Structures are given as structure tokens and as C-alpha cells.
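Below: the structure, in C-alpha cells.
The values are calculated or read from the model by the stated rules, or taken from the named source; none is laboratory data. Here the structure is a predicted model, which is why all the values come from computation and not from measurement. Reconstructed Cβ throughout: ideal geometry from the backbone, glycine too, with neighbour counts over all protein chains shown. Note: areas computed on protein heavy atoms with side chains; ligands, DNA, RNA excluded. Shrake-Rupley method; radii C 1.70, N 1.55, O 1.52, S 1.80 Å.
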Amino acid sequence: VSADRGETWTTPASVPSGCTSAIGTSQQVLTGNGVAVLLNANGQACRSGDGGQTWTLHTISSGAVNVWGAFAGGRFLAFGNGQR
């Protein structure tokens, strides 16, 4: 986590193990409304509303899916394999 555009880094206090699943496959980082969201290829999303200090893991799709996302109009959208 970096609050100063990469000048200094700190380790988050809590990161569920699923947050880093499938890194390099289709994981994305989205930000908006003071929230950061990580999407992974296992149909999961991790959310942080405190600058990356703590994260919560959420299932957004059943099974493995190449999830892509966007933040627009004040909302997050995740989509892939015909689902959104």
C-alpha cells in the first residue's frame, strides 16, 4: 500500500488469501468513490475502503471466470463469460 504514489510502502494489516488468487491471469485493480477493488480470475473481488489497510473477500461469480471490470457513473461493474 502506498499513500504517496509509490514513494513509501507499507504492508496492509489484513489481506484474505483469496485476494491474490490468479494473479497474472486477469486480475485488475479498480478505484472509485474512495474504494479499491481487486478482481481475480476465480470470480472473486476484494474490497478496501480504508486506503488498502484492510480488505474483504467477496464471491461475485460461481466458478472460475475471466472477470473484467470498470468504474463508471459512480458504480463498479464486473463482467466476463456472459455474466455481469
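Across segment 1-19, what is the total count of residues that are at pLDDT 75 or above, under 22 Å from PHE76 (Cβ atoms) and open to solvent by less than 80 Å² (accessible area, probe 1.4 Å)?
The number of residues fulfilling the criteria is 5.
Taking GLY43, is it open to solvent by less than 30 Å² (accessible area, probe 1.4 Å) and either hydroxyl-bearing (Ser, Thr, Tyr) or at pLDDT 85 or above (or both)?
no
Go through segment 21-54 and report how many residues are free of Cβ contacts under 8 Å to residues at least 12 places away in the same chain and over 26 Å from GLY73 (Cα atoms).
1
List pairs: first in segment 67-84 and under 17 Å from SER48 (Cβ atoms) and open to solvent by less than 40 Å² (accessible area, probe 1.4 Å), second assigned to a loop (DSSP other than H, G, I, E, B) and of a type in the set (A, V, I, L, M), Cβ under 6 Å, 6+ apart or cross-chain?
Close Cβ pairs satisfying both conditions: ALA78/ILE60; ALA78/VAL67.
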